[in-house]
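The values are calculated or read from the model by the stated rules, or taken from the named source; none is laboratory data. Worth saying up front: this structure is predicted, and the values here are computed from it rather than measured. Cβ coordinates were reconstructed from backbone atoms using ideal geometry, including for glycine residues, and neighbour counts include every protein chain displayed.
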Amino acid sequence: MKLLFFIGGGLLLMCAGCATAQEPASSPPQGAPPASSANEVISPQAEDLLRSACDFLAERPAFSFKGEIWREHVNDAGQRIQFSRSVQMDVKRPNGLRLELASPFAARAFWYDGKTLTILDRKHNWYGAASMPPTLDAAVDAARDEYGVDLPLIDLVVSNPYENATAKIETARYYGISPVLDVPCHHLAFTQDNVDWQIWIEDGPQPLIRKFVITYKNEPGQPEFTAFLTHWDITGPIADSDFIFLPPAGASKIEMRQVEPNRNQAK
Amino acid sequence: MKFHSYPRLALTLLLVSAFNFRLHAGWGSIRGSNHSSAPAPRPQAQAMRPEAHPENPAPSQVMRPENRPAPAQQPRFAARPGPVAVEQARTDQADRQRMDIAQERSQSAYWSGFRPGMRMDKLPDGWRRIGIRGHDYFYFGGIFYDTGPAGYVVIAPPVDADIPELPPDTETVVVGDTVYYYAAGAFYLQQPDGSFVVVAAPMGAIVSLLPPDAVPVIMGGTTYYLADGVYYQPVMENGAVAYLVVPQPNS
C-alpha cells in the first residue's frame, strides 16, 4: 500500500513539476495551498486535552456509562444508513467488563470476568463462551483475533487509553468548545492512515468523553461510527459478581466459532 | 474459459482489480481499526434491474416445484474469482456479522415480506420467466413463483434457476474458496457469463438470516432449523448469531 502511495505521490510530483515548468518563475499561483508540512499538524492543545481525558479514565478503578451508538452501513444504492444501539458498559480494572448493546431487532450482552468472554443473544436466548487471557487489554485483542469479535468503545477500557488512541495518529487538531447534549466539550479531531476520528471531552474538572466519531474513510461511502456517552458513574463500586455470566432461564449454549487461522491478524 | 468470450466477467474482474482495493477496519474502536485485517478487492454485487413485462402470463396447470438435487450436484461451472476477491468476500461477510444488523437490513429488502406458500393473484411488475427443464417459473426481486390453482404461488428457490443479476440485499457467503451470494433462502453462484444460478445450500455455509420458511426442529437435544430439506444450526460467529448449513442430524 505504501508502495502504491509512493508511486502515486511520485506521479503527482511529476505532474506538479510539469505544471510548474509552464508557469513564469516569478508568479506563484493564486490561492496556492499551504506547504504540505503545514497540514501535518499535531496540536499540543489537542494532545494535552486527550491525555487528560485518557489519564482520567485510566486512573479510575471502575466506571460505567450509558449511551447510544450509531453505525452506518452503505446500502446497495450507496446511501449511508444509520443503525443505532443503546449501550451500557461497566468496567472494573484490570479484568472486568460488561456490555449491553440493544435495539428492537438485536440485543447482545457481553461478560468478561478475567477468564471467560460470554456473549448472550437476548433475542434468541442463546449464548456462546470462550476462554480469554486474564487482563482486559489481552482479552479485547484475543476476542478480535481468535473469535472475530469487535467490542465497541474498548478504547476507553484498555489500561493505557492515551497510548492506544495515539498509536497511529498522523494529525491532531483542536476545534474549540462545542456542546454535546448541552454539556460544553472540547472538540478534537485526529487523522490516521485508515480512519479519521473525533472526540468531545467535557470542559471541567472531570474530563469525561461525551462523544466519539470514527470515519472509515477507506471504505466505500466512508461510513461512520458515532457514540454519545451519558450517565457516567466514576464513583460507585461494581461488584465482581456483575461480570460473571449466569445463564438466564431457558438459555441454550451454542458454539462460539473461532476464526480460521491467519484471519483477522494484525498486519 | 476463453477470456474474450465473456466480456462482462472480464470487465468485472478488471474493475475489481483496478479500482475497488480497500482496507478493512474493525468497527467501533480505534484499537479495532489499528488491529484490522488484510485488504482485498470487493467482488461484484449488482443492483437488480429486472426487465419489464407489460402484463402477467396466463396461469397454466398447477405444477409443484421440483425437489432440490443433492448438494453435491452443483450445476455448471462457477466463475472463479481470484484469491484476493475471495478474501475480500470473506472479510465482507465477517464485517457484516460483526455489525449485527442483518435483521434491520432485511426490513428494507423487497424479498423480506414473502415466504413459500404465499398465493398471489398476479405477478409483480418486472417479473421474468425462468425455464428449468421444460417448466416455466417466474421471478422478481429474489422471489420465485410457480403457477397455482388461481394465480401464482411463492416457492422455495428452485435449483438451476438462472437470473441475470443478483436480487437486492444479498450477503456474500464464502465456503472454502467459493463465493456464494445469499438472499431469501437462495444461494447463488456467479457463472462465467456473469449471470447467477441458484444452487443447493452448500454444507458449511454460514448465513445471517434463516430462509423465510425455516421451522425449528429439536434433534438430539439441539435446536436446528429446517427449510426446504436443509438443516441450519445456530452458531455464534464474529460475535453474533449466524446459521450453519449442516448435514441432517441424527435424531
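The set of residues in segment A:94-122 that are surrounded by fewer than 19 Cβ atoms within 10 Å (Cβ to Cβ) and at the interface with chain B (Cβ under 8 Å from one of its Cβ atoms) comprises A:Ser103, A:Phe105. Being of a type in the set (A, V, I, L, M, F, W, C) and assigned to a helix (DSSP H, G or I) is the requirement here; does A:Leu49 meet it? Spelling it out, A:Leu49 is indeed of a type in the set (A, V, I, L, M, F, W, C) and assigned to a helix (DSSP H, G or I). Taking segment B:125-176 as the range and being without any contact (Cβ under 8 Å) to a residue 12 or more places away in the chain and part of a loop (DSSP other than H, G, I, E, B) as the test, only B:Gly134 passes. Filtered by the rule that a residue be closer than 12 Å to B:Ile163 by Cα and surrounded by 17 or more Cβ atoms within 10 Å (Cβ to Cβ), segment B:113-148 gives B:Trp127, B:Ile130, B:Tyr137, B:Phe138, B:Tyr139, B:Phe140, B:Gly141, B:Gly142, B:Ile143, B:Phe144. Those residues that are modelled with pLDDT of 95 or more and either among the β-branched types (Val, Ile, Thr) or not in a strand (DSSP E or B) (or both), I need them from segment A:52-80; list them, please. Correct list: A:Ser52, A:Ala53, A:Cys54, A:Asp55, A:Phe56, A:Leu57, A:Ala58, A:Glu59, A:Arg60, A:Pro61, A:Ile69. Name the residue, out of B:Val246, B:Val235, B:Val241, that is farther than 20 Å from B:Gly113 by Cα, crowded, with 20+ Cβ neighbours inside 10 Å and within 12 Å of chain A (Cβ to nearest Cβ). Sole residue among the options that is farther than 20 Å from B:Gly113 by Cα, crowded, with 20+ Cβ neighbours inside 10 Å and within 12 Å of chain A (Cβ to nearest Cβ): B:Val241.
Of B:Ile155, B:Ile143, B:Ile206, all but one fail to be more than 14 Å from chain A (Cβ to nearest Cβ) and closer than 29 Å to B:Gln88 by Cβ; the exception is B:Ile143.
Residues B:Ala109, B:Ala102: which one is within 14 Å of chain A (Cβ to nearest Cβ), modelled with pLDDT under 95 and under 20 Å from B:Ile163 (Cα atoms)? Explain how you work it out, then say what you get.
Working: B:Ala102 fails: under 20 Å from B:Ile163 (Cα atoms).
Exactly one residue qualifies, and that residue is B:Ala109.
Quick check: anything in segment A:210-222 small (Gly, Ala, Ser) and surrounded by fewer than 18 Cβ atoms within 10 Å (Cβ to Cβ)? Within segment A:210-222, one or more residues are small (Gly, Ala, Ser) and surrounded by fewer than 18 Cβ atoms within 10 Å (Cβ to Cβ).
In this structure, is B:Tyr225 surrounded by fewer than 21 Cβ atoms within 10 Å (Cβ to Cβ), more than 10 Å from chain A (Cβ to nearest Cβ) and not aliphatic (A, V, I, L, M)?
Working: surrounded by fewer than 21 Cβ atoms within 10 Å (Cβ to Cβ): yes; more than 10 Å from chain A (Cβ to nearest Cβ): yes; not aliphatic (A, V, I, L, M): yes.
Yes.
Considering every residue within segment B:223-239, establish whether at least one is of a type in the set (A, V, I, L, M, F, W, C) and free of Cβ contacts under 8 Å to residues at least 24 places away in the same chain. Yes - at least one qualifying residue is present in segment B:223-239. Restricting attention to segment B:87-109, the residues that are surrounded by fewer than 19 Cβ atoms within 10 Å (Cβ to Cβ) and either without any contact (Cβ under 8 Å) to a residue 12 or more places away in the chain or within 13 Å of B:Ile206 (Cβ to Cβ) (or both) add up to 2.
Might you check whether a residue that is more than 18 Å from B:Pro124 (Cα to Cα) and in contact with a Ser or Thr (Cβ under 6 Å, 6 or more places away or on another chain) occurs anywhere in segment B:145-155? No, every residue in segment B:145-155 fails to be more than 18 Å from B:Pro124 (Cα to Cα) and in contact with a Ser or Thr (Cβ under 6 Å, 6 or more places away or on another chain).
With respect to the conditions (1) facing chain B (nearest Cβ under 8 Å); (2) in a helix (DSSP H, G or I); (3) of a type in the set (A, V, I, L, M), A:Ala142 lacks only one, and its number is (1).
Applying the set (1) in a strand (DSSP E or B); (2) surrounded by fewer than 22 Cβ atoms within 10 Å (Cβ to Cβ); (3) in contact with a helix residue (DSSP H, G or I) (Cβ under 7 Å, 6 or more places away or on another chain) to B:Val179 leaves exactly one unmet item: (2).
Would you mention how many residues in segment A:150-169 are among the acidic types (Asp, Glu), within 7 Å of chain B (Cβ to nearest Cβ) and part of a helix (DSSP H, G or I)? Walk me through how you get there before you give the answer.
To start, the set of residues in segment A:150-169 that are among the acidic types (Asp, Glu) comprises A:150, A:155, A:163.
Among the residues that remain, those that are also within 7 Å of chain B (Cβ to nearest Cβ) are: A:150, A:155.
Imposing the further condition that a residue be part of a helix (DSSP H, G or I) reduces the set to A:155.
Going through segment A:150-169 one residue at a time, the tally reaches 1.
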